[in-house]
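No value in this document is a laboratory result; all are computed from the given coordinates. Given the structure is predicted, the values throughout are model-derived calculations rather than measurements. FYI the Cβ positions are ideal-geometry reconstructions off the backbone, even for glycines, and counts take in every protein chain you see.
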Protein chains: 2
Amino acid sequence: GRKRERGLFWLSLLPCLYVTSLCTAEQGLEFPSFDGKDRVLHINERNYKKALKRFDMLCLLYHEPQPAHKGRQKQLQMTELVLELTAQVLEDKDIGFGMVDSQKDAKVAKKLGLEEEGSLYIFKDDRVIEFDGEFSADTLVEFLLDVLEDPVELISNPMELRAFERMEEDIRLIGYFKGEDSYYKAFQEASERFQPYIKFFATFDKTAKHLSLKMNEVNFYEPFMEEPAILPGRQLSEMEIVEFVHQHKRATLRKLRAEDMFETWEDDLDGIHIVAFAEEEDPDGYEFLEILKDVARDNTNNPELSIVWIDPDDFPLLTTYWEKTFKVNLFKPQIGVVNVTDADSVWLDMSNDEDLPTAEELEDWIEDVLSGKVNTEDDDDVKDDYDYDGVDREDRHHGDDHEDHGDYGDHDDSG
Amino acid sequence: GRKRERGLFWLSLLPCLYVTSLCTAEQGLEFPSFDGKDRVLHINERNYKKALKRFDMLCLLYHEPQPAHKGRQKQLQMTELVLELTAQVLEDKDIGFGMVDSQKDAKVAKKLGLEEEGSLYIFKDDRVIEFDGEFSADTLVEFLLDVLEDPVELISNPMELRAFERMEEDIRLIGYFKGEDSYYKAFQEASERFQPYIKFFATFDKTAKHLSLKMNEVNFYEPFMEEPAILPGRQLSEMEIVEFVHQHKRATLRKLRAEDMFETWEDDLDGIHIVAFAEEEDPDGYEFLEILKDVARDNTNNPELSIVWIDPDDFPLLTTYWEKTFKVNLFKPQIGVVNVTDADSVWLDMSNDEDLPTAEELEDWIEDVLSGKVNTEDDDDVKDDYDYDGVDREDRHHGDDHEDHGDYGDHDDSG
C-alpha cells in the first residue's frame, strides 16, 4: 500500500521541482533528480535520541496527523518528498532528516519542544532553530547551507567592510574584540541563537575604526538604517545581547524573505500589515523604495510601525495571486493596508505614474493608517466614489485616468 | 489511459512546486496549487494559426517525440505540467500555451521556425523569443511577466537614473531622444529583439546630461563596466543597433542567470568556460568579485575572454552537485576552467582564506588558461603532487593546510 504509493509519488516528483534541459550536449548544469532512496526517518520515542546523537544537525518536520482528506494527504506526502530531495542534495553534509507526527509522536514532540505544526525544527549542538518559510527544496537547501556556516563572520579588510555595509536588507550586528576572548565568546553564543536569520559580524583589527567602534562595543543595524543602535563597550553577557536583539528585531521596514515569510506574516500589528510592493530592479520601484526608506528612517522609533516590503521578483508564483486578492497592479509600486484575517485591503492611490508620493505624503497616509482613519473596514460604502488601481491590461497600456479620485484609493474587495 | 495518467500526475504535482504552509490562520500568502484544468494546447497544422491570432502572446514548447523510455516520458509530462501551472498562474494575462511535437508536428515546427528541442518559443507581435533557461514555474512566470512589460523603460529623474546605474549585472542600453520620433522608434524596434534578456532604457530630458549623452546617442553598457561603448548620435537604424548588440553581447564577465543558463553555458569558448563561484552576500565572495571585476575591466577588449560568474545562492539545488562534480568547496570563492564536454575541471588554488589572489595574480592565471598552460587535460599525472581544495567539513572548520602546494591546484576528477 504505502510503499507502492510512495513509489508512484517519487516517480512523479522526479523531474518536477526542476526539469533538466531536455536537449543539451554540454555537461556541468545537471539539476538533481530524486533517486527514490528513503533518507527521511520516522522519528518516535525509540529512535529520537540516537538520531540526535548520530548527526551534526537533525531537521525534524513536525506535522499534523495523517489527514482523512485526500488532498491534504497528498500535501503531506509531498512535504515529505521535498524533505527527501533536500536530504539527497545535502547527503554529504551529515544532516539527518525526520518526521514527527503531532498525534502519534506527541510525547517525543513534547520532549523536543516542537509546537507549531508545519514547522521544521533544526537541532544543532544544543540549540533549536525553527524554519517557517516557503517549503520548497530550493529555499530549504539554501537555508540549511546557511546554518552550516559559522554564525559569526570575520571582517578583516575595507573590501569586506564594504560587503557588510551593502547588506542593508538584513538585521546585522557587528562587534569589535581583541580576539577570541570571553567578550567575543558571549557575542558568538548570542549569534547562535539567531542564526541564520540575523547576521553577526566581528572584527579584531583596525577595520573597526571605519565604523568608529570602540573595543568590546557591539553595534546593531536595523534594516535600511544608516545609524546603528549601540551596546556599550563593556563586558556584555550573552543574555544582554540576546535581549537587545529581541527588543529591536521587528524592523520599521522589513523585507519579506522566502526563508521566514510565514513567521513575518504572523507577526502582524493588531491584525494588519502595511504592505509595500516594489521591484528593486525597476526604476519606478527603486525610486519608491528610496522614499519608503526615508519614511522608515524618520519613524524608526515608532514601535507601532513595521512596513513589510515585498519585491514581487522574489515570489513569481504569488504575484498574480496578490494582484487578484488585493486588486492591485504589481507592474507598478503599491502600498496598502492588509487585514491578515480576511485579506481585505486598502491601497494608496498612486495611479499617476509620473508622480510617486513624496516622503511627506507617504507619512501622512501612514499616520492615517495608524490612527485608523484609513482602514480595511470602511470601504464598502464608498466603492462607487472611488476607482481602483485595477490589474487589467488596458489600464497598464494606456496610462491612467484616475488622477482626480481623491488622495486615497479605497478598494472594495468583497466577493 | 492518458487522461487517467494525467489525473494522477496533476494530483501529485499539486503541492510539490510549493507546499503551502500547513498551519496558518493568516491570509495573504497562499501559494497557488494546480487546479487540474487543461490550458496547454496541443498545437498542430489545423490550430496553430488560430492560436497565434487568439492570444497576445503564445508560448510553444518544442519537444522531443513521446519517448519510449519511462523516465523520459514522465519528464515530458512534468514539463507539460510546469507549463500548465504557469498557464494557470498567468491566466488573466492573455497568454496562450502549447506543445509542439518535433516529429508529429514537424511541418508546423518548420513553419514556425522552431529548432531546438526543449526550448520554449514565445510569439509576441511579429517576433519570436527563445527561452532556454531553468524550466521551473518560478523562473518561467517571472520571465513571461518581464516579456509583458514595455521593452523600453523611461528614465526621467535622478533617482531612476541611480536605479539604472545599479544594474551592473545586466547588459543595458540607454538612448537620449527628443521624444517618440523616428530615432526613438528604431531604438524601440531593436529593443524588442532582445527583450527581456538585454535591457533598453531611454530618456527624453536633461537626465541625459548626467550620463553626458548627446541627442540621439545610444550607450551600450557591458555588465560590470563603468564606461559605455558609444553609438554616435546620428540617425541609427534598427539594424545598426541590433548589429552592435550582437557584436558586444558576449561580456567579459557574465553572471549565470536562471532564465538563460543553458544558452549561456552552450556559448562556450573552444569547449571550455572560465567559471568563478562567488557569493555576493558573503564578505569573502564580495571581495573576490571586486577583484574579478577589476580583471574584467582591464581585459574588456579581449574577445577570447568571457568569465562565467555563478553565485551559488542563485542555484541552491546545484551547489552540492557542483561541489561533487568539480571537487571544490563552495563555501569559499573559487575560479577554474571547466571543460563542457566532460565537466573535467582545474581550479586555482586559493586555499589560504586570508589571502585572495590580487588582480595581477588572477590575470596571470587567466593568461595561463588562455595560452593553454593551465588546462583540464594535463592534470592526470600530477595528481599526487597537488592537493585539492576539497569539500569535506574538516577542511572548512579547521582552516587550510594546503598553502605550500604551488600556485595552482590541479585537480583530478576522473572517476
Under Stokes-Einstein, the stretch B:219-370 at 25 °C and 0.890 mPa s, with its Kirkwood radius over C-alpha pairs, diffuses with a coefficient in µm²/s of 149 µm²/s
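Compute the convex hull volume of the Cα atoms of the stretch B:243-317, divide it by the residue count, and report the result per residue in Å³ as a whole number.
Value for the stretch B:243-317: 102 Å³ per residue.
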Inter-label distance, nm, simple model (7 Å from Cα along the C-beta direction), residue B:128/residue B:230: 3.9 nm
Rg/Rh for the stretch A:142-227 to two decimals, with Rh computed the Kirkwood way over all alpha-carbon pairs. 0.94
For the stretch A:87-215, what is the largest minus smallest coordinate of the Cα atoms on each principal axis, given in angstrom and ordered from greatest to least? 56, 30, 27
Across peptide A:88-94, what mean number of C-beta atoms from other chains lies inside 10 Å of a residue's C-beta? 3
Quick one: length gained pulling residue A:237 to residue A:358 fully straight, 0.36 nm per residue minus the C-alpha distance? 39.2 nm
Quick one: what are the phi-derived ³J(HN,Hα) couplings along the stretch A:281-289, Karplus 6.51/-1.76/1.60 with θ = phi - 60°, whole Hz, x for glycine and proline? 6, 9, x, 4, x, 4, 4, 4, 5
In the stretch B:128-171, if every C-alpha pair distance is counted and binned at 10 Å from zero, what percent goes to each bin? 21, 41, 31, 8
Using a 10 Å cut-off around each Cβ of peptide A:280-291, what is the average number of partner chain Cβ atoms that fall inside? 5
Residue by residue through the stretch A:311-325, what is 3J(HN,Hα) from phi via Karplus (6.51 cos²θ - 1.76 cosθ + 1.60, θ = phi - 60°)? Round to whole Hz and write x for glycine and proline. 8, x, 4, 7, 9, x, 6, 9, 4, 6, 4, 5, 4, 6, 5
Least to most buried among A:69, B:42, B:273 (fewest other Cβ within 10 Å first): A:69, B:42, B:273
Evaluate peptide A:317-325: per residue, the Cβ atoms of other protein chains within 10 Å of its Cβ; return the mean as an integer. 6
Give me the extension gain from residue B:166 to residue B:269: residue separation times 0.36 nm, minus the current Cα-Cα distance, reported in nm with one decimal. 34.2 nm
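Give me A:57, B:78 ranked fewest to most by other Cβ atoms within 10 Å of their Cβ, as a rough exposure proxy. Kindly include the intermediate steps, with their values, before the conclusion.
On the way: A:57 19, B:78 23.
Placing the least packed residue first, the sequence is A:57, B:78.
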Equivalent-ellipsoid semi-axes of the stretch B:90-159, from the Cα gyration tensor, Å, largest first: 28, 14, 12
At R0 = 22 Å, FRET efficiency that the Cβ-Cβ distance of residue A:38 and residue B:68 yields, to 0.05: 0.15
Label-to-label distances across copies for residue B:321, with labels 7 Å out along Cα→Cβ, in nm, shortest first? 2.6
For residue B:110 paired with residue A:157, estimate the spin-label separation in nm (one decimal), with each label point 7 Å from Cα along the Cα-to-Cβ line. 6.1 nm
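Let me know the shape class of the stretch A:162-272, please: from the alpha-carbon gyration tensor, a ≥ b ≥ c as square roots of the eigenvalues, rounded when a/c is under 1.5, otherwise prolate if a/b is greater than b/c, or oblate.
prolate
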With one decimal in nm and the nearest listed first, the spacings from residue B:249 to its own position in the other copies, using label points 7 Å along Cα-to-Cβ, are 4.7
Is the shape of the stretch B:25-109 rounded, prolate or oblate, going by the alpha carbon gyration tensor and its root eigenvalues a ≥ b ≥ c, with a/c under 1.5 for rounded and a/b larger than b/c for prolate? oblate
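Give A:249/B:209; A:293/B:206; A:324/B:249; A:178/B:324 a once-over and call out the pairs whose C-alpha atoms are over 32 Å from each other.
Result: A:249/B:209; A:324/B:249; A:178/B:324 exceed 32 Å.
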Phi-derived 3J(HN,Hα) across the stretch B:146-152 with the Karplus relation (6.51, -1.76, 1.60, θ = phi - 60°), rounded Hz, x for Gly and Pro, is 5, 5, 6, 6, 4, x, 10
Greater than 22 Å apart at Cα, pairs in A:93/B:327; A:53/A:93; A:124/A:185; A:50/A:110; A:50/A:199; A:332/A:373: A:50/A:199; A:332/A:373
